[in-house]
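Report on the structure given below.
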Amino acid sequence: MDSERQLIERVLQKDPKAQEAMYRHFAPKMYGLCLRFARNSMEAEDILQEGFIKVFTYLKDYRYEGSFEGWVRKTFVNTAINFYRRKSKELVEVSIEQSEISIPSQSTIIENMSADELLILIQKLPEGYRLVFNLSIIEGYTHKEIASLLGISENTSKSQLSRARNALQLKIQQLKPKNK
């Protein structure tokens, strides 16, 4: 495969083979990122498609500073955030009782919990919890950065993260077998 810079230049020249090569290289990782932000695979696919459109549209703005994968990842994170901004104009705090988090039936103890099962729990979090959890825990953003990205206060970001953690801990505790 061409060097990264050569591949980028070919994509900028609208070379379909280069576009496909870039897509194939980044799609698996970015789909995983999209899944963490989405409520289901259909939403993740929508975010993935939208993210690649933005990558190809704004590739001319990439300045070859820092990691190209980091630039692509940031584009996808922003795409996911904007996806949910369009769906709801404000983050609504929902109690865990209202969120209808379901437990994967095949899991009986925490040690046997798969990454997919944890992803299901994260996807079922209320939207505000899920966005803040992903941005903070998975992507490493600070509460100040999250507040700026989502248009909320730092304290709301901290509160949403705390509630997301509590909700996940509660549901994970429920996966443990009951001692009789």
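The values are calculated or read from the model by the stated rules, or taken from the named source; none is laboratory data. On a predicted model such as this, the values are computed, not experimentally measured, just so you know. We place every Cβ from the backbone using ideal geometry, glycine too, and count neighbours over all the protein chains shown.
Summary of computed values
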{"quantity": "Contacts under 7 angstrom Cβ, first residue in the stretch 1-28 being farther than 22 Å from residue 49 by Cβ, partner among the basic types (Lys, Arg), 6 or more apart", "calculated": "2/10"}
{"quantity": "Within the stretch 128-175, considering residues that are under 21 Å from residue 117 (Cβ atoms) and aromatic (Phe, Trp, Tyr), the one surrounded by the fewest Cβ atoms within 10 Å (Cβ to Cβ)", "calculated": "133"}
{"quantity": "Residue check for residue 76: crowded, with 17+ Cβ neighbours inside 10 Å and either closer than 26 Å to residue 164 by Cα or touching a Phe, Trp or Tyr at 6+ places or on another chain (Cβ under 6 Å) (or both)", "calculated": "yes"}
{"quantity": "Residue that is surrounded by the fewest Cβ atoms within 10 Å (Cβ to Cβ), among those in the stretch 2-44 that are in a loop (DSSP other than H, G, I, E, B) and of a type in the set (D, E, K, R)", "calculated": "14"}
{"quantity": "Filter pass, residue 161 being at pLDDT 90 or above and part of a loop (DSSP other than H, G, I, E, B)", "calculated": "no"}
{"quantity": "Which listed residue, of 96, 122, is at pLDDT below 90 and either crowded, with 18+ Cβ neighbours inside 10 Å or basic (Lys, Arg) (or both)", "calculated": "122"}
{"quantity": "Filtered residue count, the stretch 119-172, keeping only those that are out of contact with any His (no Cβ under 7 Å at 6 or more places or on another chain), over 15 Å from residue 33 (Cβ atoms) and of a type in the set (D, E, K, R)", "calculated": "7"}
{"quantity": "Which numbered condition residue 86 misses (of (1) outside any loop (DSSP other than H, G, I, E, B); (2) of a type outside the set (A, V, I, L, M, F, W, C); (3) closer than 17 Å to residue 37 by Cα; (4) at pLDDT 90 or above)", "calculated": "(4)"}
{"quantity": "Near pairs, Cβ below 6 angstrom, 6+ apart or cross-chain, from the stretch 61-74 (modelled with pLDDT of 95 or more) to any residue that is charged (D, E, K, R)", "calculated": "68/4"}
{"quantity": "Criterion: surrounded by 14 or more Cβ atoms within 10 Å (Cβ to Cβ), at pLDDT 95 or above and farther than 22 Å from residue 3 by Cα - qualifying residue of 47, 101", "calculated": "47"}
